[in-house]
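Participant: Here's a structure for you.
The values are calculated or read from the model by the stated rules, or taken from the named source; none is laboratory data. Keep in mind the model is a prediction, meaning the values are calculated, not measured. As a convention, Cβ positions derive from the backbone with ideal geometry for all residues, glycine included, and neighbour counts pool all protein chains shown. Remember, those area values only see protein heavy atoms, side chains included, never the ligands or the DNA or RNA. Shrake-Rupley method; radii C 1.70, N 1.55, O 1.52, S 1.80 Å.
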Amino acid sequence: MTSSKPVEFRGSSLDDLRAFPLSARREAGHQLDQVQSGHEPDDWKPMNTVGQGVKEIRIRDSSGAFRVIYVAKFADAVYVLHCFQKKTEKTSKTDLDVAAKRYRDLLQELGQ
């Protein structure tokens, strides 16, 4: 059994996740649990525009599409950079910018 890494929420990402509808919140929790244990989420894509090793969990339910952007390549934790509801086909520049800034701040803190 692999030991699981803690999840660390950056900026307002935990509050943003808590604002998801219950079913989307549960699914996000389940997917993050898989990531903590060293597995890939069920539905994800790389987000190299945000940063190297950054991935996006894709969640769809009756209330819409939700995204959790995270990075799990560091040994100490799974860092959730940004959580949001997707309103359009393309991820908004604002959401990408928020995630990218939190990623850069994280790299500075970790001395990368």
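Participant: Given a 1.4 Å probe and heavy atoms of the protein chains only, how would you sort SER13, SER4, SER37, largest accessible area at the top?
Facilitator: From most accessible down to least: SER4, SER37, SER13.
Participant: Using Stokes-Einstein with the Kirkwood hydrodynamic radius over Cα pairs, what translational diffusion coefficient do you get for region 21-109 at 37 °C and a viscosity of 0.692 mPa s, in µm²/s rounded to a whole number?
Facilitator: Using the Kirkwood radius from Cα pairs, D works out to 248 µm²/s.
Participant: Suppose the chain between SER23 and ARG60 were pulled fully straight at 0.36 nm per residue; how much longer would it get relative to their current alpha carbon spacing?
Facilitator: The SER23-ARG60 span can extend by a further 12.4 nm.
Participant: Measuring with a 1.4 Å probe in the full set of protein chains, what accessible area per residue, in whole Å², belongs to region 37-101? Please list the in-between numbers first.
Facilitator: On the way: 3410 Å² over 65 residues.
Averaged over the residues of region 37-101, the accessible area is 53 Å².
Participant: Can you give the local net charge around GLN34? Use residues other than it whose beta-carbon is closer than 15 angstrom to its beta-carbon, Lys and Arg +1, Asp and Glu -1.
Facilitator: Around GLN34, the charge tally is -2.
Participant: Hey, any idea what % of the chain's accessible area is carbon plus sulfur with a 1.4 Å probe?
Facilitator: Working: 3180 of 6460 Å².
Carbon plus sulfur share of accessible area: 49 percent.
Participant: Now for a different question. Rounded to the nearest 500, what is the chain's calculated 222 nm mean residue ellipticity when only DSSP H runs of at least 4 contribute -39500 (n - 2.57) each, over all residues?
Facilitator: Calculated mean residue ellipticity at 222 nm is -11000 deg cm²/dmol.
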